[in-house]
Amino acid sequence: MTEAVEPGALRGMLENMLTIRAYEEKAAAMQAVGQAAGTCTSVGQEAAAVGVVAALGAEDLILTNHRSAGHLLARGADPARIYAEVLGKATGYCKGKSGSLHVSAKELGVVLTSTIVGAELSLAAGVGLASSMQGRNNVVACFFGDGAASEGSFHESLNLAAVWKLPILYVCENNQWQAFVHRRETMPMDHISDWAASHGMPAASVDGNDVEAVYRAAQAGIAHIKTTGQPYFLETWTYRTRGHYEPDDQGYVDPDELAAWRAQDPIDRLQRKLDLDAVEIQVIQKRVAQRIEKAWNEAIAAPYPALADLTSDVYA
Amino acid sequence: MQCLTINDAIGQAIAEEMRRDSNVMMFGEGVATKRVDLLNEFGGRRIRNTPLAEGIIAGAAVGASAMGMRPVIDLLFAPFMTLAMDELVNSAGKLRYMSGGQFKFPLVAMAMTGTGWTVGAQHNHNLEAWFVHSPGLKVVMPSTAADFKGLMKSAIRDDNPVLFFVEMAMTFDSGEVPDGEHLVPLGKAAVRRAGSDVTLISYGKSVRACEAAASQLAEKGVFAEVIDLRSLKPLDEAAILASAKKTGRVVVVHEANRMCGVGAEIAAILAEKAFVALKAPVLRITSPDVPAPSSYPLELAFAPQADAIATAAASLFESDQKAVREIQSS
């Protein structure tokens with residue numbers, strides 16, 4: 001079961017990771033010069049978003065969290081519309097009513113994004129329940145972090161999904177940081193997958209900075225869900241290499257640990273694996289940079305919501 | 001006309017809506033155990049017991065409703081809702097707005113509350129105003145068997161999250177319920193007793209205390225109008241203002257704590273929109289700012305009773321009588 005992922009697909013994953021990186025670094029740079037509000041990035045964790053989403057089908061659904069840009073972009077979101085959302089513009093996926101922290105894009109199957117850490121787990125149970133009740137035969141991928149795994153909703157969600165046999169792929173991006181607190185200060189062991197296994201579901205932990213490994217592991221999880229109708233837990237072992245949000249000087253981060261993880265950067269690793277020459281890489285990077293620049297400019301030029309929208313969309 | 005307990009009126013409403021719409025389902029701790037009729041008719045996929053975990057019960061309802069289901073959840077007792085506040089308030093109440101209208105949340109969250117069973121403050125807390133204060137939610141608290149049925153049916157059909165409060169002391173009281181399809185719209189108050197001199201505005205079982213107070217007042221020649229709000233959000237402002245303008249005197253009565261309760265909102269609405277029609281200050285008869293007690297005599301002292309309501313209403317006429325006496329003596 002270890003047939004190679006074809007190089008073309010991996011090249012696509014590389015471009016997706018580069019797009020996420022460029023999108024988030026631009027957002028951080030614009031924050032630094034006062035053109036955008038603070039935002040939470042997933043720099044260093046891109047392989048989880050890209051590897052898992054690549055394994056999903058069009059009918060599958062995604063729940064994400066405050067660190068959502070990677071999941072959205074991997075799913076094919078228009079960076080101009082995410083930037084517009086971050087800037088509070090009417091052309092954003094949520095008409096400018098989300099900001100950066102809770103971007104949903106139902107048209108892409110990215111639903112019910114909540115910034116309340118742990119809420120994604122709670123809501124995923126319901127999305128999975130609806131899929132089960134409606135016989136959709138799809139998978140609900142729920143992205144969250146080790147911080148969310150410390151919430152009670154993590155255990156409540158996994159337990160209900162196991163008891164009710166809900167088609168949920170739990171994806172824990174264990175990025176070692178819970179806002180400003182290192183994970184090792186908050187749990188007696190390292191792996192969230194240990195907690196998941198005790199809830200009676202198969203649980204795997206994968207090198208989260210190896211996009212190919214993440215992709216394969218997600219495929220295995222999805223196959224399990226489709227075959228058994230039962231949930232599956234996948235932990236991606238990774239690291240948040242930027243701060244909790246922008247700006248964040250990361251003065252609390254051990255520089256040696258950060259350097260060691262930067263040396264394991266998922267984009268660099270895939271570039272080495274693909275053995276692309278410098279020209280090829282430059283071509284991709286230039287394409288990505290132009291796309292992101294164009295997206296930012298579109299978002300800047302977009303209109304703000306009409307003031308009447310202050311009171312719209314409260315009730316159905 | 002049939003005679004049903006309130007518990008059965010609720011069950012009948014849910015059964016009718018489940019027959020009507022295959023997306024309606026119900027779950028909660030003990031739901032399948034206690035509502036055997038529903039379990040037998042609709043099976044264990046649509047009627048489910050859950051783990052004893054209010055957060056995930058509510059979270060599952062919110063997520064499922066966003067994807068097209070119409071769940072009814074039973075959270076048992078209102079104070080247990082504090083364990084589901086993120087799901088109810090932050091998710092169900094806000095994610096429609098925050099997503100620019102991409103989702104709707106047609107769910108009903110039930111819980112019992114109120115004095116009468118001497119269960120104390122961790123099973124009895126009239127926290128309905130918390131939800132009234134939260135955007136995106138609707139709140140109902142009926143007082144008759146017919147309204148429990150009709151409002152439950154409307155709540156299930158509504159595309160928004162509805163908090164549905166049940167007076168635990170009334171759960172097994174019987175009342176008349178119309179035969180056939182019976183819907184009561186959300187946001188419409190009912191005039192329980194017409195009157196011309198003073199308006200008693202209430203909801204839940206305090207409506208009964210108001211009706212008893214109105215009988216006492218009638219013996220003294222004071223004719224009280226009793227308004228049962230039924231829905232707290234949307235609030236039937238038109239009905240409140242119409243009655244206040246007619247009588248010029250208003251007493252608001254509820255078992256919930258006084259400060260920032262629904263009564264405070266009603267008093268503010270009257271001050272803003274009916275000031276010139278008022279002949280006396282708006283009074284509130286509520287529970288004091290204490291946790292609900294469990295000892296029965298203390299429960300009675302905590303909750304609004306007819307005598308206190310009648311006395312308060314009568315006091316609104318004292319300044320008139322004083323003025324009349326002053327005119328007569330001059």
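Summary of values
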| read-out | value |
| --- | --- |
| Which listed residue, of B:SER287, B:SER243, is in contact with a Ser or Thr (Cβ under 6 Å, 6 or more places away or on another chain), under 26 Å from B:ASP147 (Cα atoms), at pLDDT 95 or above and crowded, with 19+ Cβ neighbours inside 10 Å | B:SER243 |
| Matching residues, the stretch A:1-27, being small (Gly, Ala, Ser) and surrounded by fewer than 20 Cβ atoms within 10 Å (Cβ to Cβ) | A:ALA4, A:GLY8, A:ALA9, A:GLY12 |
| Matching residues in the stretch B:141-155 - criterion: being under 19 Å from B:ALA209 (Cα atoms) and touching a Phe, Trp or Tyr at 6+ places or on another chain (Cβ under 7 Å) | B:MET141, B:PRO142, B:SER143 |
| Matching entry among B:ALA84, B:ALA9, B:ALA32, B:ALA58 (being more than 7 Å from chain A (Cβ to nearest Cβ), outside any strand (DSSP E or B), in contact (Cβ under 8 Å) with a residue 60 or more places away in the chain and of a type in the set (A, V, I, L, M)) | B:ALA9 |
| Members of the stretch A:188-244 found to be at positive phi and either in a strand (DSSP E or B) or open to solvent by 40 Å² or more (accessible area, probe 1.4 Å) (or both), listed by number | A:GLY200 |
| Residue satisfying condition, being buried (at least 24 other Cβ atoms within 10 Å of the Cβ), touching a residue at least 60 places away in the same chain (Cβ under 8 Å) and touching a helix residue (DSSP H, G or I) at 6+ places or on another chain (Cβ under 8 Å), within set A:PHE143, A:PHE154 | A:PHE143 |
| Test: A:LEU72 is in a helix (DSSP H, G or I), under 13 Å from the mean Cα position of the chain (by Cα) and touching a residue at least 12 places away in the same chain (Cβ under 8 Å) | yes |
| Failed item, numbered, when A:THR113 is tested on (1) buried (at least 24 other Cβ atoms within 10 Å of the Cβ); (2) touching a Gly at 6+ places or on another chain (Cβ under 9 Å) | (2) |
| Candidates A:ALA22, A:ALA48, A:ALA28 - the one that is out of contact with any helix residue (DSSP H, G or I) (no Cβ under 8 Å at 6 or more places or on another chain) and either modelled with pLDDT of 95 or more or part of a helix (DSSP H, G or I) (or both) | A:ALA28 |
| Residue match in the stretch B:166-175 (condition: at pLDDT 95 or above, open to solvent by less than 30 Å² (accessible area, probe 1.4 Å), closer than 27 Å to B:ALA66 by Cα and within 14 Å of chain A (Cβ to nearest Cβ)) | no |
| Number of positions in the stretch B:223-243 that are assigned to a strand (DSSP E or B) and not hydroxyl-bearing (Ser, Thr, Tyr) | 7 |
| Count of the stretch A:298-310 residues which are more than 24 Å from the chain's Cα centre (by Cα) and either open to solvent by 80 Å² or more (accessible area, probe 1.4 Å) or among the small types (Gly, Ala, Ser) (or both) | 7 |
| Criterion violated by A:ALA148 - all others in (1) under 25 Å from A:PHE180 (Cα atoms); (2) open to solvent by 10 Å² or more (accessible area, probe 1.4 Å); (3) in a helix (DSSP H, G or I) satisfied | (2) |
| Residues within the stretch A:32-48 that are surrounded by 22 or more Cβ atoms within 10 Å (Cβ to Cβ) and without any contact (Cβ under 8 Å) to a residue 24 or more places away in the chain, tallied | 0 |
| Which listed residue is in contact (Cβ under 8 Å) with a residue 40 or more places away in the chain and assigned to a helix (DSSP H, G or I), from B:GLY150, B:GLY136 | B:GLY150 |
| Filter result (open to solvent by 10 Å² or more (accessible area, probe 1.4 Å), closer than 18 Å to A:THR41 by Cβ and part of a loop (DSSP other than H, G, I, E, B)) within the stretch A:75-92 | A:ARG75, A:LEU87 |
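Matching residues to (1) over 20 Å from B:ALA314 (Cα atoms); (2) part of a strand (DSSP E or B):
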| position | (1), (2) |
| --- | --- |
| B:VAL184 | yes, no |
| B:LEU200 | no, yes |
| B:GLY221 | no, no |
| B:LYS245 | no, no |
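The values are calculated or read from the model by the stated rules, or taken from the named source; none is laboratory data. Computed from a predicted structure; not experimentally measured. With ideal geometry, Cβ positions are generated from the backbone for all residues, glycine too; neighbour counts draw on all protein chains shown. Accessible surface areas use protein heavy atoms only, side chains included; no ligands, DNA or RNA. Shrake-Rupley method; radii C 1.70, N 1.55, O 1.52, S 1.80 Å.
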